[in-house]
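Structure first, then comments.
The values are calculated or read from the model by the stated rules, or taken from the named source; none is laboratory data. Since we're looking at a predicted model, the values are computed, not measured. Glycine gets a Cβ as well: all are built from the backbone with ideal geometry, and neighbour counts include every protein chain shown. Accessible surface is based on the protein model in full, side chains and every heavy atom, while ligands, DNA and RNA are left aside. Shrake-Rupley method; radii C 1.70, N 1.55, O 1.52, S 1.80 Å.
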Amino acid sequence: NWGASWRMPTQEECNELIQLCTWEWTEMEGKKGSKVTGPNGNYIFIPAAGFRQEYDLFMSNVFGYLWCGSCYVHELDYYAYNLSFFNGPSELTWENRTIGQPIRPVSE
């Protein structure tokens with residue numbers, strides 16, 4: 001649907017964000033989230049958008065989550081890796097894919 005070279009980031013790429021970048025909890029345009037700065041000085045802002053479960057929104061402006069495009073190997077196949085963060089270090093975790101979490105596509 002995104003076209004061209006857009007895709008979901010892999011588990012390895014999400015790990016690179018955690019290991020190679022600095023994460024600063026901040027507020028931009030009235031939204032809390034993390035300013036993620038790479039080794040080259042460029043940065044992206046990832047809002048703490050929370051997550052959706054059915055019709056309800058949880059933890060908005062408190063926690064941030066981003067789906068990775070890699071499945072979590074489990075006896076059930078409906079789990080995927082996600083990057084989670086809050087006012088502190090970020091980490092790579094896994095979650096049921098039925099939970100609504102933001103995405104941040106990447107391009108080659």
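Numbers for the structure displayed
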| item | result |
| --- | --- |
| Qualifying residues in region 24-40 (those that are in contact with a strand residue (DSSP E or B) (Cβ under 7 Å, 6 or more places away or on another chain) and farther than 18 Å from S60 by Cα) - the one most open to solvent (accessible area, probe 1.4 Å) | T37 |
| Odd one out for E13 among (1) open to solvent by less than 40 Å² (accessible area, probe 1.4 Å); (2) outside any strand (DSSP E or B) | (1) |
| Residue that is most open to solvent (accessible area, probe 1.4 Å), among those in region 74-100 that are polar (S, T, N, Q) and closer than 22 Å to T37 by Cα | N87 |
| Every residue from region 48-71 that is of a type in the set (F, W, Y) and crowded, with 19+ Cβ neighbours inside 10 Å | F51, Y65, W67 |
| Boolean, W2 is among the aromatic types (F, W, Y), in a loop (DSSP other than H, G, I, E, B) and modelled with pLDDT under 95 | yes |
| Among (1) under 14 Å from R104 (Cβ atoms); (2) in a strand (DSSP E or B) - the single one E27 does not satisfy | (1) |
| Residues located in region 53-70, provided they are in contact with a Phe, Trp or Tyr (Cβ under 9 Å, 6 or more places away or on another chain) and among the polar types (S, T, N, Q) | S60, S70 |
